[in-house]
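The values are calculated or read from the model by the stated rules, or taken from the named source; none is laboratory data. Please read all numbers here as calculations on a predicted model, not as lab measurements. Cβ: placed from backbone, ideal geometry, glycine included. Neighbour counts: every protein chain shown. Only protein heavy atoms, including side chains, enter the accessible area calculation; ligands, DNA and RNA are left aside. Shrake-Rupley method; radii C 1.70, N 1.55, O 1.52, S 1.80 Å.
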Amino acid sequence: MDNYKITMNLLGEDEFEEANAQFIPISGDEIASENDINRMTFPDTLPLLPLRNTVLFPGVILPISIGREKSLKLVRDVEQSKGFLGAVSQLDYKIDDPVATDLFKTGTVARIIKVLEMPDNSVTVIIHGVKRFKWQNVVTETPYLTASVHTLDDIMPDNDTEREMEAIVSSLKDLSLKIIKYSSHIPHEASFAIRNIDSSVFLINYIASNSDINVADKQHLLEVEELKKRGLQLCEHLVKAEQFLEIKNDIQLKVKTDLDQQQREYILHQQMKTIQDELGASPVDQEIKEMEAAAKKKKWNKEVRVVFKKELDKLKRLHPASGEYSVQHNYLQTLLEIPWNQYTKDNFDLKRARRILDRDHYGLDKVKERILEHLAVLKLKGDLKSPILCLYGPPGVGKTSLGKSVAEALGRKYVRMSLGGLHDEAEIRGHRKTYIGAMPGRIMQNVKKASAANPVFILDEIDKIGNSFHGDPASALLEVLDPEQNNAFYDNFLELDFDLSKVMFMATANTLSTIAPPLLDRMELIDVSGYIVDEKIEIARRHLIPKQMEAHGVPKETISLSKKVLEYIVERYTRESGVRELDKVLARLFRKAALKIATDETIKKNLQVHNLKEYLGIEKFSRDQWQNDDYIGVVTGLAWTAVGGEILFVESSLSKGKGTLTLTGNLGDVMKESAVLALEYLKSHADEFGLNSEMFEQWNVHIHLPEGAIPKDGPSAGITLVTSLVSAFTKRRIKQRIAMTGEITLRGKVLPVGGIKEKILAAKRAGIKEIILSSENRKDIDEINSIYLEGLTFHYVNNINEVIKLAVK
C-alpha cells in the first residue's frame with residue numbers, strides 16, 4: 001500500500017462529542033496488508049479496550065486518547081508484548097468505569113502502531129484495526145478486562161454478485177467524493193485516499209469509520225457479516241448525508257446572496273447619504289427635525305417628554321436601512337399622533353342638547369335624561385369623571401346610533417369600536433413595540449383617530465366578546481371601564497399611562513347574561529326595550545321614510561303613507577322590537593316606487609292598505625290576537641323573546657287513562673318542571689277547587705303550547721299552566737281578553753318575572769284588556785311610561801287562588 005494521508009476523526013476515549021477531522025501521515029510499512037492479515041493467527045483470549053463514542057473497523061487506523069488507569073495499563077502491557085487487543089465500543093458512552101455487560105459483543109482485533117506522550121501529560125495511542133471478533137466469556141476483570149474470543153470472517157460476494165458488488169463500491173466512492181466536496185471541514189486530500197483504495201473490504205470499512213454516522217449505526221455496520229449487505233447499508237447512510245449537505249449548502253448560498261444584496265444596498269445608501277449631505281437635503285434628518293418641532297407643540301407631561309427624547313436619540317443612532325429603525329420610527333410617530341391632554345370643549349347648552357337628542361331619536365327617555373344630567377353637573381361643577389353607560393335591549397332599537405347624537409349634543413368627537421367576536425387581549429392592550437408591525441390596542445387607536453382625549457366612545461356588542469388561548473379581552477376591559485383605574489390606562493405598545501377618565505364610554509348589548517359580572521358591575525345599566533306600534537309609526541314618519549325617499553331618489557310629493565298604512569306595515573310585514581326590519585321593508589317599497597317612476601308608470605300618491613300587496617308582496621305575519629274561542633283549558637300567557645314580547649296559548653285536555661302527563665310544543669326543561677309543578681299543586685289542593693283526588697288517576701293530562709317549531713322555556717308560564725289545568729278539570733271557561741305571566745311555587749305563591757314592558761306591548765298588540773301579574777312586579781309597572789299602559793287593567797296577586805278567582809268564570 002502506497003504512502004498517503006488518511007482522514008481520521010480524533011475521538012478521545014473521554015470525549016463526549018466528535019472532534020474535527022485531522023490528518024496524520026502513516027507509512028504503508030506500518031500497516032498490514034490483506035494477505036498479511038489472512039496469514040495472522042490470533043490468541044483465544046484478548047484484553048478488551050472500551051471505546052467511548054466511536055467504533056473501530058478492520059483496516060482502519062484510529063487515534064484514541066487514553067484517560068482511564070485501566071486502559072493505560074492495558075496499552076502499556078500490549079505495547080510491551082507487541083500483541084493484540086480487542087477494541088469494543090461501549091453501549092452508553094456516559095459510563096466512566098464500564099464492566100463487561102456495558103460493552104457490545106462485537107469488536108475489532110487491533111494492533112498498537114504508536115503511543116504518543118502529549119504535552120499536557122495525556123497519552124494518545126494509534127491503533128490499527130485488523131479483524132472482527134466476538135467475545136464470549138470474561139476471563140479476568142483486573143487489572144483490566146480480558147475475555148475469550150473468536151474471530152469473524154467477512155462473507156465475500158460470489159461470482160454471480162461480483163458485478164453488483166462493483167457497482168456498490170463505485171457508488172460508495174462517488175457518494176464519498178460528493179460529501180468531501182460539499183463538506184467544508186474535510187480537506188480535499190481525503191478524496192485522494194478514496195480514489196487510491198483498491199480493496200473493497202477496506203474501502204467500505206474506511207468510509208464507514210470516517211463518515212458522519214452515529215455510533216449505534218456504525219456498530220450495526222460492524223456486526224454485518226456479508227460485505228455486500230454492509231456496503232448497501234452504508235450507501236443508504238451516505239445518500240442521507242449527501243442530501244443533508246446539499247440542502248445545507250443551498251441555504252448557505254441563499255444567505256450569502258442576501259448578505260451580498262444587503263451590503264450592496266448599504267453601500268448605495270451610504271453614497272446617497274453623502275450626496276444628500278453635500279446638497280444639504282437628507283430626508284432622514286429632515287424627518288427627525290420635523291418630529292422635534294412637532295414634539296415642542298405637544299401638551300406632554302414630564303414623563304412622556306423624557307421618554308420621547310430618549311427614544312428619538314436612539315432613532316438618530318440607528319441606520320435607516322435596519323429593521324429596528326422602522327420599529328422605532330413607528331413608535332415615535334404614534335407618540336406624536338396620540339392626543340395627550342388634548343380635549344374638545346363641551347357645549348353646556350342643555351336646551352340644544354335635548355333638541356338634538358329628540359331630533360335624532362324618538363323615545364329612549366332614560367338615556368336622554370342621563371346625558372342631560374351629566375351635562376348639568378359638568379356645567380355646575382366644571383369637572384366630572386365621564387359615566388360608563390351600558391345600553392341593553394333587543395336589536396334595532398337605536399342603541400348604537402344614539403352615540404352619534406350624544407357626541408353632537410355634547411360637542412365631542414365620536415368613535416365606535418365593535419367588540420363582536422373579539423378574542424385577543426392584544427386587541428385591547430396592544431402589542432409589544434419590539435415586534436415588527438406592532439401597533440397600539442384598538443382603544444388607543446380610536447382615541448388617536450378622534451384626535452381628542454375626551455370622545456364619546458361606543459363599545460358595540462360588548463355581550464359578544466369571546467376568549468381563547470390569546471387571553472380574555474373582557475378582563476382587559478375591566479381597567480378601561482373602571483373610573484378609578486382608567487386615569488392611568490397602560491397600553492403595551494406605548495408603555496406609558498394614558499388618561500381615559502374623560503372619555504365617555506357607552507357600551508351596547510342585546511343581553512346581559514353573557515357579560516362577565518365584574519365587567520357588568522363597572523357599568524351603569526340602562527334598559528332600552530322595544531317600541532310600541534305608535535312609536536314605530538312615529539319613527540317611520542320622522543326618520544325612516546325621509547331617509548329612504550332620499551336614498552332612492554323618490555321626490556317627497558310623489559308618494560305618502562298614512563298612519564293606518566304604516567300601522568298595517570308594522571303589524572303584517574315586520575315582527576321585531578326595533579325598527580331595523582321596518583327600515584328594510586320601507587326601502588323595498590320605495591325601490592318599487594322608484595321603478596314605477598323611472599318607467600313612467602302611473603303611481604298613486606296616497607297608498608292604501610289594499611295597494612301594499614303590489615309593492616311589498618304577500619303579508620309575512622298575522623297579527624297576534626286574542627282568540628275568542630270558548631274552549632275549556634285554553635289560557636293566554638305572555639312571553640319574552642329576543643325580538644320583543646309575544647302572547648302564547650296554553651292548551652290542556654283530558655282523556656280517559658291512568659293519570660299520565662304528556663307535554664308537547666318544544667318545551668325546555670324549566671317549562672316542563674313548571675308543568676309538573678302545576679299538576680302537583682292541583683292534586684294537593686284538589687279540595688279547594690271541588691275536585692275528587694281520584695280523578696287524577698283516571699284521566700290522562702295533555703298540555704300543549706302551539707307553534708311547536710319554536711323552542712319555549714322559562715318559569716314565567718307557571719300561573720298560566722295552573723289556570724289551564726284548573727279550567728280543564730273543573731270544566732270552567734276563562735274570562736275574555738285576559739292574559740297572565742308569573743312563576744309559581746309548590747306552596748302556590750306567585751313570584752315576579754322579567755320582560756314586563758315587552759310583554760305589555762305584546763298584550764296591547766293582541767287586544768288584551770286585563771293582565772295578571774305578581775304583586776312584586778308592581779314596581780316594574782311604575783317605571784313604564786303611561787303611554788304604554790293605556791287601555792290595560794292590571795291585577796296584582798300573591799298566590800294562585802287569587803289568579804283562579806280573577807281568570808276563571
Practice prompt. Mind listing whichever residues of segment 378-406 are in a helix (DSSP H, G or I) and either in contact with a Leu (Cβ under 7 Å, 6 or more places away or on another chain) or on the phi > 0 side of the Ramachandran plot (or both)?
Written response: Leu378, Leu402, Ser405
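Taking segment 455-472 as the region of interest, how many residues are in a loop (DSSP other than H, G, I, E, B) and open to solvent by 10 Å² or more (accessible area, probe 1.4 Å)?
Kept after step one, since they are in a loop (DSSP other than H, G, I, E, B), are these residues of segment 455-472: 455, 461, 465-467, 469-470, 472.
If we keep only those that are open to solvent by 10 Å² or more (accessible area, probe 1.4 Å) as well, we get 461, 465-467, 469-470, 472.
Of the residues in segment 455-472, 7 are in a loop (DSSP other than H, G, I, E, B) and open to solvent by 10 Å² or more (accessible area, probe 1.4 Å).
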Worksheet item: Among Glu524, Glu484, which is the only one that is open to solvent by 20 Å² or more (accessible area, probe 1.4 Å), in contact with a Leu (Cβ under 9 Å, 6 or more places away or on another chain) and of a type in the set (Asp, Glu)?
Response: Glu524
Worksheet item: Taking into account only those residues within segment 571-600 that are touching a residue at least 60 places away in the same chain (Cβ under 8 Å) and in contact with a strand residue (DSSP E or B) (Cβ under 9 Å, 6 or more places away or on another chain), which is surrounded by the fewest Cβ atoms within 10 Å (Cβ to Cβ)?
Response: Arg575
Discussion item. Between Leu234, Leu221, Leu203, which is of a type outside the set (D, E, K, R) and under 17 Å from Phe133 (Cβ atoms)?
Written reply: Leu221
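Out of the residues in segment 329-377 meeting the condition of being among the β-branched types (Val, Ile, Thr) and in a loop (DSSP other than H, G, I, E, B), tell me which one is most open to solvent (accessible area, probe 1.4 Å).
So the first thing to find is which residues in segment 329-377 are among the β-branched types (Val, Ile, Thr), and the list is 334, 338, 344, 356, 367, 371, 377.
Checking the rest, the ones that are also in a loop (DSSP other than H, G, I, E, B) come to 338, 344.
Numbers: Ile338: 1, Thr344: 38 Å².
The selected residue is Thr344.
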Worksheet entry | Filtered residues of segment 780-803 (kept if exposed (fewer than 15 other Cβ atoms within 10 Å of the Cβ), assigned to a strand (DSSP E or B) and in contact (Cβ under 8 Å) with a residue 40 or more places away in the chain) | none
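In a helix (DSSP H, G or I) and without any contact (Cβ under 8 Å) to a residue 12 or more places away in the chain: which single residue out of Thr101, Thr41 fits that description? It would help to see each step written out before you state the result.
Numbers: Thr41 fails: in a helix (DSSP H, G or I).
It is Thr101.
Conditions (1) modelled with pLDDT under 90; (2) closer than 15 Å to Gln90 by Cβ; (3) not basic (Lys, Arg), marked per residue:
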| residue | (1), (2), (3) |
| --- | --- |
| Leu10 | yes, no, yes |
| Glu13 | yes, yes, yes |
| Pro25 | yes, no, yes |
| Asn35 | yes, no, yes |
| Pro47 | no, no, yes |
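So that you can scan it fast, the table gives a plain yes or no per residue for (1) among the acidic types (Asp, Glu); (2) at pLDDT 90 or above:
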{"residue": "Leu103", "(1), (2)": "no, yes"}
{"residue": "Thr108", "(1), (2)": "no, yes"}
{"residue": "Leu116", "(1), (2)": "no, no"}
{"residue": "Pro119", "(1), (2)": "no, no"}
{"residue": "Lys134", "(1), (2)": "no, yes"}
{"residue": "His150", "(1), (2)": "no, yes"}
{"residue": "Asp154", "(1), (2)": "yes, no"}
{"residue": "Ala193", "(1), (2)": "no, no"}
{"residue": "Asn196", "(1), (2)": "no, no"}
Practice prompt. Within segment 742-776, track down each residue that is part of a helix (DSSP H, G or I), in contact with a helix residue (DSSP H, G or I) (Cβ under 9 Å, 6 or more places away or on another chain) and among the basic types (Lys, Arg).
Written response: Lys757, Lys764, Arg765
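How many residues does segment 482-538 contain that are assigned to a helix (DSSP H, G or I) and within 28 Å of Ala438 (Cα to Cα)?
Pass one, segment 482-538, residues assigned to a helix (DSSP H, G or I): 486-488, 517-521, 533-538.
Subset that is within 28 Å of Ala438 (Cα to Cα): 486-488, 519.
Count: 4.
The rows are residues; the columns are (1) in contact with a Leu (Cβ under 7 Å, 6 or more places away or on another chain); (2) hydrophobic (A, V, I, L, M, F, W, C); (3) open to solvent by less than 50 Å² (accessible area, probe 1.4 Å).
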site: Ile207; (1), (2), (3): yes, yes, yes
site: Asn214; (1), (2), (3): no, no, no
site: Lys218; (1), (2), (3): no, no, yes
site: Val224; (1), (2), (3): no, yes, yes
site: Leu227; (1), (2), (3): no, yes, yes
site: Arg230; (1), (2), (3): yes, no, yes
site: Leu234; (1), (2), (3): yes, yes, yes
site: Leu238; (1), (2), (3): yes, yes, yes
site: Glu242; (1), (2), (3): yes, no, yes
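Name every residue in segment 560-576 that is closer than 15 Å to Ala540 by Cβ and either touching a Phe, Trp or Tyr at 6+ places or on another chain (Cβ under 8 Å) or hydroxyl-bearing (Ser, Thr, Tyr) (or both), in order of residue number. Walk me through it before giving the result.
Step one: list which residues in segment 560-576 are closer than 15 Å to Ala540 by Cβ, which gives 560-574, 576.
Residues satisfying the conditions are Ser560, Ser562, Tyr568, Glu571, Arg572, Tyr573, Thr574.
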Discussion item. For the list (1) among the hydrophobic types (A, V, I, L, M, F, W, C); (2) surrounded by 21 or more Cβ atoms within 10 Å (Cβ to Cβ); (3) farther than 19 Å from His150 by Cα; (4) touching a helix residue (DSSP H, G or I) at 6+ places or on another chain (Cβ under 6 Å), I need the number of the one condition that Leu85 fails.
Written reply: (3)
Worksheet item: Name the residues in segment 124-141 that are closer than 23 Å to Arg68 by Cα and open to solvent by less than 10 Å² (accessible area, probe 1.4 Å), would you?
Response: Val125, Ile126, Ile127, His128, Gly129
Fill in: Pairs where the first residue, in segment 104-118, is hydrophobic (A, V, I, L, M, F, W, C) and the second is open to solvent by 70 Å² or more (accessible area, probe 1.4 Å), C-beta under 6 Å, 6+ apart
Ile112/Glu79; Val115/Glu79
Practice prompt. Within segment 389-400, identify whether any single residue is within 16 Å of Val503 (Cα to Cα), open to solvent by less than 50 Å² (accessible area, probe 1.4 Å) and of a type in the set (S, T, N, Q), and answer yes or no.
Written response: no
